[in-house]
Each structure stands twice: as C-alpha cells, then as structure tokens.
1. From the list C39, C63, exactly one residue is of a type outside the set (F, W, Y), touching a Phe, Trp or Tyr at 6+ places or on another chain (Cβ under 9 Å), more than 26 Å from G18 (Cβ to Cβ) and assigned to a strand (DSSP E or B). Which is it?
2. Any residue in the range 64-83 that's under 23 Å from A128 (Cβ atoms): show its pairings with residues that are basic (K, R) and not in a helix (DSSP H, G or I) at Cβ separation under 9 Å, as long as the two are six or more apart or on different chains.
3. Got a sec? Which of G56, G22 is closer than 15 Å to A134 by Cβ, open to solvent by less than 50 Å² (accessible area, probe 1.4 Å), touching a Pro at 6+ places or on another chain (Cβ under 8 Å) and not in a loop (DSSP other than H, G, I, E, B)?
Amino acid sequence: MEERPISDISYRKFIEEGKLMGSRCRACGKIYHPPRHFCEECFGSDMEWQELKGEGELTTFTCIFVVPPYMAREGYGRDNPYCTGVVTLSEGPRVVARIEGVDARKPESIKIGMPVKAVFLRSGEGEAARTYLAFRPA
C-alpha cells in the first residue's frame, strides 16, 4: 500500500493526513494498531501498512475531571470534563482515544458497545499545529 517505513513518524504523518493506519502481517494477516514492526501472532517481520476504516464500538471509557495542563488550555476541567475510551475497531485492533460528542458530565448517558467513527481533531497553528485521533458516536 504505502512505501513509508513503519514508524511512529510515519504514523503521525498519516494522522496529520486524516488517515487511520495500522500494520498488517503479510504472512498471517494479523492487523495491529498502533503499528508494529513484527507480528506477535506468527513472529513474522514482513509487515505492511493497512488503512483502517475508523469504525468500531466503544469498549470502555472514563470521564476525566482533573485534567492535565494541555487539556486545561483547551478549556477542560472540573466543570467541563472530557471522555477518553477504548474503541474496538471493525478490523479487530483496539485504540485508546478521546471520545467526542458525548456528555462527560453524565457518564451514565455513554453506552458501552455504541458504534463510533474516527475523527481527526486539529489544534494550534503553524509549527504548533497538531492533529489528534478521536472518535464520535456514529
């Protein structure tokens, strides 16, 4: 698929481009996210990039009220918590990411198993610009 080396740098570039990528073992077909250099299933090292659909279901989550400084700069805190969770992708791998579009003040309204879709959040400008992977209810 892509000729980029399987690395954190390449992965971040794909995220900046709005692509959710994993790695796939050419020998046994196992898919990994985050991407890996070797297959833990068959111990093969013939890996390739695999674009993932970005669709899955929420497996677990937590709502965070005491936030790290970088989230406080985005306006999150005790009065405005955010949600992070584990999403099981339709291809199998699990992803830890922020969950957007849910009411973190009412965690009882967030449902395990709900379908979610990947979104790419952009913040900052110029060299400080960053793109983050998140998920929203589908």
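The values are calculated or read from the model by the stated rules, or taken from the named source; none is laboratory data. Keep in mind it's a predicted model, so treat the numbers as computed, not measured. Counting neighbours? That spans all protein chains shown, and the Cβs are built from the backbone with ideal geometry, glycine included. In case anyone asks, the SASA skips ligands and DNA or RNA and just uses the protein heavy atoms, side chains included. Shrake-Rupley method; radii C 1.70, N 1.55, O 1.52, S 1.80 Å.
1. When all the criteria are applied, what remains is C63.
2. Correct list of pairs: V67/R78; N80/R105; Y82/R98.
3. After ruling out the rest, the residue left standing is G56.
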